[in-house]
Amino acid sequence: MGKNRYIRFDWAAKYMLRNKADFAIFEGLISVLVNEKVTIVELLDTESNKDAKNDKYNRVDIKAKNSKGEIILVEIQQTREHDYLQRMIYGVAKTITEHMSSGQRYENVKKVFSINILYFNLGEGEDYLYHGQTVLKGVHTDDNLKLTDYERDDLHVLSPDQVFPEYYVIRVDEFEKDTIDSWLEEWMDYLKNERIRPDTTAPGLQEARQRLDVLMMSDVERRQYEHDIDTLVRDTDVMRTQLLEAEIKGRKKGEAEGMAKGMAEGMAKGIEEGMAKGIAEGMAKGIEEGMAKGIEEGMAKGMEEGMAKGIEEGMAKGIEEGMAKGMEEGRAEGRAEGRAEGVEENKRENARRMKGDGLPVELIAKYTGLSTEDIDSI
């Protein structure tokens, strides 16, 4: 690496690189970014390029026209702007309308390249270079819309991407490489660290080495340059400190509000889940204990009612069966007694007849089995 000090690109772009001889530096940076050779035919004036002694250079605009008639808008921004993306698209739209005369056909709309060199972190991402362009893609077929032969001939463009603006966002502070391997990385090393290789072949950087060496400045220019750089560093530090303090304050407020909200939501959710769990466990335990108690009381009551009913039914059945058995046995006994009485009466009737026929008492007793006393009493 060369040890010479080189003028910051943003300061040089605002105060030095205004002549046609300096176009090669801009051409080199833009060619490396868009990956094709770009030739600038003129630099177009912008409001921020007006030279004033006390003018800060938080923002530097470079507007150029290349050999194709396309507009190249380069913006170098030092300090954070929360609506920078909106400003990007506004700058492109304004540039397009500024280069359209009233009554011109839309075919005269020029393609715009918006190159944004930022010394603050825009958004979140892992890269230091981002590129974007509108692409018309089929919703159902995923194919890119193409132009017909007639449209290409009439509009003098081959595809829609030659019409829509292209955006480049360079996040300078995100570039972190010790080993430089490409022209783009050489340019990034210069933009961030003001270093240029003595043997560089990157487009534009050899011209920058010759034109932007601090040692080539006059004493007056060098003092003004160093004053501007010190002012920029101081202003940037103040702004970053304010942003950091605001971030810390916001974080603390967010943490406090988050804790309060978290506790409130946690308590509400805890109560809700606790009630739900309590109800579920209470129901389960209630069912379990209810079943156990129900079984116990049911068995006791069942036994008591069963015994009472058993006694009642047993007595009824016993009476019924006793009566039936008594009647049956009484009838049997009555029949037996009746038969016995009938036999005895038959004996007495036979004895009466035999006695009437004059048979001896001893003989009647023999044949009837009656006693002589019973025969005498007949």
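Worth a mention:
- Residue-span extension gain [VAL220 to ALA276] - 0.36 nm each, minus C-alpha spacing: 12.1 nm
- Taking 26 Å as the straight-line reach from the Cα of LYS293, the lysines in range (excluding those fewer than 8 positions away in the same chain) are LYS277, LYS285, LYS301, LYS309.
- THR39 long-range amide H proximity, modeled H, under 5 Å: SER67
- For the chain, the 222 nm mean residue ellipticity estimated from helices alone, with every DSSP H stretch of n ≥ 4 adding -39500 (n - 2.57) and the total spread over all residues, rounds to -19500 deg cm²/dmol.
- Inter-label distance, nm, simple model (7 Å from Cα along the C-beta direction), LYS285/THR148: 8.2
- Taking a straight line from the alpha carbon of LYS261, these lysines sit under 16 Å away, with near neighbours fewer than eight places off in the same chain left out: LYS252, LYS253, LYS269.
- Cα centroids of region 193-219 and region 259-299: 79 Å apart.
- Rounded tilt (10° steps) of 23-34 against the dominant C-alpha axis of the chain: 20
- For GLN133 and MET263, the FRET efficiency from 1/(1 + (r/R0)^6), where r spans their Cβ atoms and R0 equals 41 Å, is about 0.25.
- Cβ-Cβ FRET estimate between THR241 and GLU296, R0 fixed at 56 Å, reported to 0.05: 0.10
- Karplus-derived HN-Hα couplings along region 270-286 (A = 6.51, B = -1.76, C = 1.60, θ = phi - 60°), whole Hz, x at Gly and Pro: x, 4, 4, 5, x, 5, 4, 5, x, 4, 4, 5, x, 5, 5, 5, x
- FRET efficiency, 1/(1 + (r/R0)^6) with R0 41 Å, evaluated for GLU36 and ALA256 via beta carbons: 0.15
- Of GLU81, GLU304, GLU272, the one that fluctuates the most in a GNM where the chain has Cα springs shorter than 10 Å: GLU304
- A 1.4 Å probe run over the protein chains yields, for region 261-320, 88 Å² of accessible area per residue, whole-number rounding.
- Approximate spin-label separation ARG353-ALA340, in nm, with each point projected 7 Å along Cα-to-Cβ: 2.5
- Surface share of carbon and sulfur [accessible, 1.4 angstrom probe, percent] for region 202-316: 62
- Formal net charge of residues neighbouring LYS325 (Cβ-Cβ distance under 15 Å; K, R +1; D, E -1): -3
- GNM result for the chain, Cα springs below 10 Å: residue of ARG331, ARG197, ARG152 fluctuating most strongly: ARG331
- The lysines within cross-link reach of LYS366, meaning a Cα-to-Cα straight distance under 23 Å and a gap of 8 or more places when in the same chain, are LYS347, LYS355.
- Full extension of the segment from HIS82 to ARG105, taken as 0.36 nm per residue of separation minus the current Cα-Cα distance, would add 4.7 nm.
- From the coordinates shown, mean projected area of the Cα convex hull in nm² corresponds to which of (1) 20.7; (2) 53.8; (3) 19.8: (2)
The values are calculated or read from the model by the stated rules, or taken from the named source; none is laboratory data. Model, not experiment: these values are computed from the prediction. When we count neighbours, we look across all protein chains shown, and the Cβ atoms used for this are built from the backbone with ideal geometry, even at glycine. All accessible areas refer to the heavy atoms of the entire protein, side chains included, with ligands and DNA or RNA removed. Shrake-Rupley method; radii C 1.70, N 1.55, O 1.52, S 1.80 Å.
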